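What follows is a single structure, written as structure tokens, with notes after it.
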Amino acid sequence: MEVFESNVDNLKSQMRKGVLEYCILSILDKKDSYTSSIIAELKKARMIVVEGTLYPLLIRQKNQGLLSYRWEESTQGPPRKYYSITQKGRQALKEMDIAWRDIVESIDLIRNEQNGNY
């Protein structure tokens, strides 16, 4: 049983990594945020992520033109880097929304078919 649980944990981890970029764009579509705030939003949704995982994704999305950033002074320490979604990022998010719905629909069809429901 322990081996199975380990495989499930690994699978869940891989699935989370696969949707993190989608989640980041979704968060930034609501409002501009800095890294700690993005992590807090992900944690609220039970998507536990550390900064070391998030930074490479933010850099990649910025390099792809999906995000931009600006520095803002903070009353609680050093300046913060605020990320915002670009127009290209919004278009990518729309495409991800469609892809996500398609995937969920396909999985639902498979699951229902397996259970004898058509």
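List of remarks:
- Against the list (1) touching an Asp or Glu at 6+ places or on another chain (Cβ under 7 Å); (2) open to solvent by 90 Å² or more (accessible area, probe 1.4 Å), the condition residue 93 fails is (2).
- Annotation: of all residues in the stretch 14-39 being within 16 Å of residue 98 (Cβ to Cβ) and in contact with a strand residue (DSSP E or B) (Cβ under 7 Å, 6 or more places away or on another chain), the one that is surrounded by the fewest Cβ atoms within 10 Å (Cβ to Cβ) is 29.
- Of the residues in the stretch 99-111, not one is in contact with a Gly (Cβ under 6 Å, 6 or more places away or on another chain), open to solvent by 90 Å² or more (accessible area, probe 1.4 Å) and in a helix (DSSP H, G or I).
- Tally of residues being at positive phi and surrounded by fewer than 11 Cβ atoms within 10 Å (Cβ to Cβ) across the stretch 50-82: 1
- Unique match (being closer than 30 Å to residue 10 by Cβ and at pLDDT 95 or above) among 91, 87, 61, 114: 61
- Cβ-Cβ distances below 7 Å connect the following pairs, each with a first residue in the stretch 61-72 that is closer than 16 Å to residue 91 by Cα, a second residue that is among the acidic types (Asp, Glu) and part of a helix (DSSP H, G or I), and a separation of six or more residues or different chains: 61/21.
The values are calculated or read from the model by the stated rules, or taken from the named source; none is laboratory data. Fair warning: this is a prediction, and the values are worked out from it, not measured in the lab. All Cβ positions, glycine included, derive from the backbone under ideal geometry; neighbour counts span all protein chains shown. Heavy atoms of the whole protein, side chains included, go into the accessibility calculation; ligands, DNA and RNA do not. Shrake-Rupley method; radii C 1.70, N 1.55, O 1.52, S 1.80 Å.
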